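First the structure, in the form of structure tokens, and then the observations on it.
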Amino acid sequence: MGLGKGKMFLIRGIRGATTIEVDTPEEVVEATRELLAVMVERNGIDRESIAAVMFTATSDVKSEFPALAARQMGWTSVPLLCFQEMEVNGALSRCIRVLMLINTDRNQDDIHHVYLRQASFLRQDIVE
């Protein structure tokens, strides 16, 4: 889905989340890479359509920036930003969340959000 000339595009958000078992740099990057790949595949998007990606991680994910996975995937011109989440009692631990903004002509209902591993419990209503 490239960005055609003369065509109007909207910015849509794709949500995703995953978890890691142990906070190591390798696990953070691998889990994030898996999540990003599934988000791209399920939504049929190409890198040129990605406007920006924001990553959040719970406070127990400290070994690596999740955005490193995107850089290793070749997303060198995509703006990336990492945040730390609020600490909320009872929240899912070792969780990495993503908000990917894409340029698209699709309706909001045509966007497929992705929740993997233990994060699938966060949105059981939309897990594929």
Out of all the residues in region 59-91, which are in contact (Cβ under 8 Å) with a residue 40 or more places away in the chain, surrounded by fewer than 16 Cβ atoms within 10 Å (Cβ to Cβ) and farther than 30 Å from Phe9 by Cα? Ser63
Return yes or no: is Leu99 surrounded by 15 or more Cβ atoms within 10 Å (Cβ to Cβ) and at pLDDT below 95? no
Subset of region 19-47, residues part of a loop (DSSP other than H, G, I, E, B), over 22 Å from Ile102 (Cα atoms) and not hydroxyl-bearing (Ser, Thr, Tyr), comes to Ile20, Glu21, Val22, Asp23
Out of all the residues in region 115-128, is one or more in a strand (DSSP E or B), over 17 Å from Glu26 (Cα atoms) and under 16 Å from the mean Cα position of the chain (by Cα)? yes
What are the pairs, 6+ residues apart or on separate chains, where a residue within region 25-37 that is of a type in the set (S, T, N, Q) has its Cβ under 7 Å from a residue that is assigned to a helix (DSSP H, G or I) and modelled with pLDDT of 95 or more? Thr32/Ala69
Check whether at least one residue in region 47-58 is at pLDDT below 95, exposed (fewer than 15 other Cβ atoms within 10 Å of the Cβ) and either under 14 Å from the mean Cα position of the chain (by Cα) or of a type in the set (Ser, Thr, Tyr) (or both), and report yes or no. yes
Condition set out of contact with any Phe, Trp or Tyr (no Cβ under 9 Å at 6 or more places or on another chain) and of a type in the set (D, E, K, R), scope region 108-127, selection modelled with the lowest pLDDT: answer is Asp125
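The values are calculated or read from the model by the stated rules, or taken from the named source; none is laboratory data. Since the structure is predicted, the reported quantities are computational estimates derived from the model, not experimental observations. Here Cβ is always computed from backbone atoms with ideal geometry, including for glycine, and neighbour counts include all displayed protein chains.
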